[in-house]
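Trainee: Quick one: structure below, then a few questions.
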Amino acid sequence: TTRPDGTTDVVLTISEGPVAHINSIAVKGNQKVPTADVLALIPLHQGELFSRAKLIQSQRALAESGFFDPTKIGINPQPDPAKGLVNIEYTVIEK
């Protein structure tokens, strides 16, 4: 709707996808850094709601940790929409 003063109201409808919970988190490629230490850097946990923002934060945290090659961090979320679950697999290359 355009108003007499030239301003316009805009209404946006945002539809998010279905909600999913994290079923599992796996780490591959770590040899020296214990898996528990890698998981401690990741702000996602089994059972909580999946968050794309936290997925991005986790990549940043792994890259900034100094343990891994930041250009070789892989994240592979594997959703199961029928069950409302997602498995997340991280692949890292240690420095």
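Trainee: Output the strands (runs of 3 or more DSSP E) that fall wholly within the chain and possess 3 or more residues being touching a Lys or Arg at 6+ places or on another chain (Cβ under 9 Å) and surrounded by 12 or more Cβ atoms within 10 Å (Cβ to Cβ), or say none.
Mentor: 85-91
Trainee: Any residue that is closer than 24 Å to residue 31 by Cβ, modelled with pLDDT of 95 or more and among the hydrophobic types (A, V, I, L, M, F, W, C) - is there at least one of those in segment 74-84?
Mentor: yes
Trainee: Among the numbered criteria (1) touching a residue at least 40 places away in the same chain (Cβ under 8 Å); (2) of a type outside the set (D, E, K, R); (3) in contact with a helix residue (DSSP H, G or I) (Cβ under 6 Å, 6 or more places away or on another chain), which one does residue 33 miss?
Mentor: (3)
The values are calculated or read from the model by the stated rules, or taken from the named source; none is laboratory data. Computed from a predicted structure; not experimentally measured. Neighbour counts run over all protein chains shown; Cβ positions are idealised from the backbone, glycine included.
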